[in-house]
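Chemist: Here you go, one structure.
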Amino acid sequence: MARSNRQGSTVAVIDILRDLSETDLAQLEKNANARATGKEAEKASAMLQAIREERIRRATLAKLKKVEEANKIEEKVRGLTFEQRVAAAFEGIPPANWERDALKALATHPGATTEELSKLLGYSGTFMNWFGHVCRDRQTWQGPVTKNSDGETIYSILLVDFEQRVDPLSGRQVTGWRLKPEALAGLRMAGIL
């Protein structure tokens, strides 16, 4: 971490960066940026470097913690059926009200399109994006996701089967959403549905 032997007060502040909240760290950075020119430029530069290093340290620790947590979850669900893994996912991260509503809409309207599901929930065609977050946030419990032919990761495929069909009214190709039977069973097991 950057230190200045000439500036005792800077050393003292740098030593406490680890204890500062992100809000306090941002304020300290703002103050240092304001002093980046003039007679306090060297001191401000040392502070800004220390703040950058502290943010890198925090990001590294957060990644390690996330990997550690993922490893614990993977160990916990190893050997479980997919139904049990789905139940564990929604017990591990209980659904928010909007997530519960999205799951219920999907369960009660199998084969509905993104537009139909969005309308049921009062959204404007965004069901696919919202539901992707539901699955992505619980992916560790459910297993790996592969990228599609376009290189995109479609997290919804963890819980949903997609079916292509022709809309009888418009004659255009549409995609219907249907919870996988094992996912439906797992959500019932968890008391979500």
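Since every read-out is calculated from the coordinates, none of them should be taken as a lab result. The model shown is predicted, which means the values in this text are computed figures rather than measured ones. For neighbour counting, all protein chains shown are included, and Cβ atoms are generated from backbone atoms with ideal geometry for every residue, glycine included.
Chemist: I'd like to compare 58-71, 34-47: which one has the highest average count of other Cβ atoms within 10 Å, and what's the full order after that?
Modeler: Numbers: 58-71: 10.7, 34-47: 14.4.
By packing density, highest mean first, the sequence is 34-47, 58-71.
Chemist: Right, next: With r defined as the distance between the Cβ atoms of Glu40 and Lys63 and R0 fixed at 30 Å, what FRET efficiency is calculated, to the nearest 0.05? The partial results should precede the final answer.
Modeler: Working: r = 34 Å, r/R0 = 1.13.
That pair, Glu40 with Lys63, gives E of 0.35.
Chemist: Take the Cα coordinates of region 63-119, assign each an equal point scatterer, and use the Debye formula without solvent to give log10 I(q)/I(0) at q = 0.12, 0.18, 0.19, 0.21 Å⁻¹.
Modeler: -0.44, -0.78, -0.82, -0.88
Chemist: Here is a further query. So what are the ³J(HN,Hα) numbers for region 161-172, from phi and the Karplus equation (6.51, -1.76, 1.60; θ = phi - 60°), rounded to whole Hz, Gly and Pro as x?
Modeler: 9, 9, 10, 8, 8, 9, 5, x, 7, 9, x, 8
Chemist: Oh, and also: Can you check what the net charge comes to around Ala34, using other residues whose Cβ is under 14 Å from the Cβ of Ala34 (Lys, Arg +1; Asp, Glu -1)? Each step should come with its number before you reach the end.
Modeler: Values: positive: Lys30, Arg35, Lys39, Lys43; negative: Glu29, Glu40.
Its environment carries a net charge of +2.
Chemist: Using amide H atoms built 1.01 Å from N in the peptide plane, name the residues 5+ places from Val160, or on other chains, whose amide H lies under 5 Å from its own.
Modeler: When sequence neighbours closer than 5 places are left aside, the close amide H contacts are Lys180.
Chemist: Would you calculate a helix-derived [θ] at 222 nm for the chain, using -39,500 (n - 2.57) for each DSSP H run of n ≥ 4 and dividing by the full residue count, to the nearest 500? The partial results should precede the final answer.
Modeler: Details: 9 runs with 112 residues, N = 193.
It comes out at -18000 deg cm²/dmol, rounded to the nearest 500.
Chemist: Further, regarding this structure: List every residue whose amide H lies under 5 Å from the amide H of Ala112, counting only residues 5 or more places away in sequence or on a different chain, with H placed 1.01 Å from N in the peptide plane.
Modeler: Correct list: Trp177.
Chemist: So how far apart, in nm, are the two label points at His109 and Thr153 if each is 7 Å from Cα heading toward Cβ?
Modeler: Between His109 and Thr153, the label points sit 2.8 nm apart.
Chemist: Then there's this: Over the chain, what is the relative contact order in whole percent, taking alpha-carbon pairs under 8 Å and six or more residues apart? Intermediate results must be reported in sequence, preceding the final value.
Modeler: On the way: 211 pairs, mean separation 39.1, N = 193.
Once normalised by length, the contact order is 20 percent.
Chemist: Please compute the Kirkwood hydrodynamic radius of the chain from all pairs of different C-alpha atoms, in Å with one decimal. If you can, show how the numbers build up before the last one.
Modeler: On the way: mean 1/r = 0.0491 Å⁻¹.
Result for the chain stands at 20.4 Å.
Chemist: Using the alpha-carbon atoms, what tilt in degrees (0 to 90, nearest 10) does helix 97-108 show relative to the longest principal axis of the chain?
Modeler: Value to nearest ten degrees: 20.
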